[in-house]
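Here is the structure we will look at.
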Amino acid sequence: MAVRLVNVVGARPNLMKIAPLMKAYRQNDRFEPLLVHTGQHYDANMSSLFFEQLGIPRPDVNLGVGSGSHAEQTAAIMQAFEPVLLEYRPDAVVVVGDVNGTLACALVAAKLGIPVVHIEAGLRSFDRTMPEEINRILTDSVSHLLFCTEESAVENLSREGVDPDRVHLVGNLMIDALESHRRLAESSSILEDLGLFSRPYGLTTLHRPSNVDDPVVLGRILDALEEIGRDGPIVFPAHPRTVQRLDAFGFRERLSSSRAFILVEPLGYLEFLKLMAHAMVVLTDSGGIQEETTVLGVPCLTLRENTERPITVTAGTNRIVGTDPAAILTAYRTSRSRQVHPIRPPLWDGSTAARIIPILGAAYS
Ligand code: UD1
């Protein structure tokens, strides 16, 4: 009998993690995978473009929940997901990352007695004001199999009393996606399109509520970026949440009229990968970008007070700099004066899906 697995995606950062896994299932006739999209991200450039570029099959089910408060979004996903599980009766539910759908679907499965598999388990920022930290802790606590990207995650789970037999250090699926697309990304014309060919430029992404929901914090980050933008423009593919805030706080005009910024819509996976690979510096509050820049050997300044991905700092190109403009500028100047090299944390080798598949096969067949 084939192993029936329901796989869940919902928000943009889930897609590059599920893509290598869906591909690996297809190469192995032991699995019967179903793909469920919660619908949390629904704009074409936040979702369907990524399906296309990453070769992810069309979702079998779209729960279509859209936006809402955390409670509304989580509750809507739970209500819509339960009948899917009752109908399909899978052997396990696979969730990735730390978004609201990760937790919502894990809870539904656990209460129906269906084993939950969490990919990217054990990461901790130790900052419970982040909604993602709550999602991580609770998802891990109801998971049956926990796949980790780095040793710190294994240690966190051990400290929380999780049975070590259920925890597997397998590496990073996001790096599988990066490795299988980096050559293709090089053929993107995004540098020419933005007038950046053979010019230095920076790249920024911002979307965390703590950075973009407060006009003072956001304004100070923009001050620092504008200063860095004297060395070469800062490409700023703005997340929908950030665009709403830029408009609400009256910052849009400042960005559009300054030569320090190139404000663009959210970009596709391939375009963004090419921009990252050639940037002089990346400034971000994203989780995944800290990991991708480590492997690409590009300096990354993380505009947060902490990271749940410490290996990108201890072994990679990432620096945690917070949001104080003076600290951002000092870290930027230091990054410019130092040579950085691509670094490969253990098992970030493009073969993580190949390590996960046999473990799933053994656990659920
Ligand atoms: C979510 C995840 C976060 C992840 C991020 C990456 C949670 C708690 N947060 O945050 O971990 O890093 O995605 O992108 O799950 N919107 C659109 N179009 C879209 C999607 C969203 O306009 O396609 C708008 C929504 O209406 C909302 C805002 O953007 O007003 C924020 O979206 P939401 O899904 O609530 O969370 P994110 O900030 O994207």
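The values are calculated or read from the model by the stated rules, or taken from the named source; none is laboratory data. Treat the numbers as computed from the prediction; the structure is a model and nothing was measured. Cβ atoms come from the backbone with ideal geometry, glycine included; neighbour counts cover every protein chain shown. Areas reflect the complete protein model, heavy atoms only, side chains present, ligands, DNA and RNA absent. Shrake-Rupley method; radii C 1.70, N 1.55, O 1.52, S 1.80 Å.
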query = In percent, what relative contact order does the stretch 24-169 have, based on Cα pairs under 8 Å that are 6 or more apart in sequence?
reply = 16 percent
message = Can you give me the distance in nm between label points at residue 327 and residue 258, each placed 7 Å from the Cα along the Cα-to-Cβ direction?
response = 2.0 nm
query = Projected onto the charge dipole of the stretch 26-146 (+1 at Lys/Arg Cβ, -1 at Asp/Glu Cβ, origin at the Cα centre), which of 115, 33, 46 gives the Cα projection farthest towards the positive end?
reply = 115
query = Using alpha carbon coordinates only, what is the Rg to Rh ratio of the stretch 51-134, with Rh defined as the Kirkwood radius?
reply = 0.97
Cα centroid of the stretch 209-225 to Cα centroid of the stretch 335-361, whole Å = 32 Å
Volume per residue of the C-alpha convex hull in the stretch 235-322, rounded to whole Å³ = 103 Å³
task = Specify the longest stretch of the chain that does not include any exposed loop site, a site being one of the chymotrypsin sites (Phe, Trp or Tyr not before Pro) with a non-H, G, I, E, B DSSP assignment and at most 14 other Cβ atoms within 10 Å.
result = 198-365
query = For the stretch 1-30 and the stretch 109-179, what is the separation of their Cα centres, given in Å?
reply = 17 Å
message = How big is the stretch 167-206 along each principal axis, measuring the range of its Cα positions in Å and listing the largest first?
response = 46, 25, 14
ask   = For the chain, what is Rg from Cα atoms divided by 2.2 N^0.38 Å, rounded to two decimals?
value = 0.96
Zone residues, the stretch 313-328, relative to residue 305, backbone N less than 17 Å from point 7 Å out along Cα-to-Cβ = 320-328
request  = Return the Rg/Rh value of the stretch 2-120, two decimal places, where both radii are evaluated on C-alpha atoms and Rh is the Kirkwood radius.
outcome  = 0.93
ask   = Given a 1.4 Å probe and every protein chain left where it sits, what share in percent of the accessible area of the chain is carbon and sulfur?
value = 52 percent
Solution diffusion estimate, µm²/s, Stokes-Einstein, the stretch 325-365, Kirkwood Rh from C-alpha pairs, 4 °C, viscosity 1.567 mPa s = 93 µm²/s
ask   = In debye, nearest 20: dipole of the stretch 1-149 around its Cα centre with unit charges on the Cβ of K, R (+) and D, E (-)?
value = 260 debye
note = the chain: longest segment with zero exposed trypsin sites (Lys or Arg not before Pro), where exposed means DSSP loop plus at most 16 other C-beta atoms within 10 Å, is residues 129-229
